[in-house]
Amino acid sequence: MKLKDIAHIRTGDKGNLINIAVIAYDEENYHTLKENITAEVVEDFFSEFCKGEVIRYEIDTLNALNFVLHNFLDGGVTRNLRLDRHGKSMGMALGEMEINISK
């Protein structure tokens, strides 16, 4: 199953970082996300691009995880020659991540 099958994703980029919020469609899937989508998993998924720390914030009241990926944009969106590395594109890429869940 893909991450986008159990959660929707919102993104942003500012300076040299990307922010990706993963919001579960329901509470049961939120617990699955908390267990399986760690900062290390996201860092590994984006290892080709992310050269800094990945921090995960849990927002339990919204059934959401927020990831901040540092040193991702080669100095910033306007300095980066690869336009496909903006937050929206990276959020869509993360949505394609394969995850294993058992129900």
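In the chain the longest region clear of GluC sites (Glu not before Pro) that are loop-assigned by DSSP and have at most 16 other C-beta atoms within 10 Å covers 1-47.
Student exercise: in the chain, how many lysine pairs 8 or more apart or on different chains have Cα atoms under 16 Å apart?
Details: LYS2/LYS34; LYS2/LYS103; LYS4/LYS34; LYS4/LYS88; LYS14/LYS51; LYS14/LYS88; LYS34/LYS103.
Within the chain, the lysine pair count is 7.
Taking 1.567 mPa s as the viscosity and 4 °C as the temperature, the Stokes-Einstein diffusion coefficient of segment 3-95 based on its alpha-carbon Kirkwood radius rounds to 99 µm²/s.
Any read-out appearing in this document is the output of simple, stated calculations on the displayed coordinates, not a laboratory observation. Just so it is clear, the model here is predicted, and its values are computed rather than measured. Every residue, glycine as well, gets a Cβ built from its backbone with ideal geometry; the counts of neighbours run over all protein chains shown.
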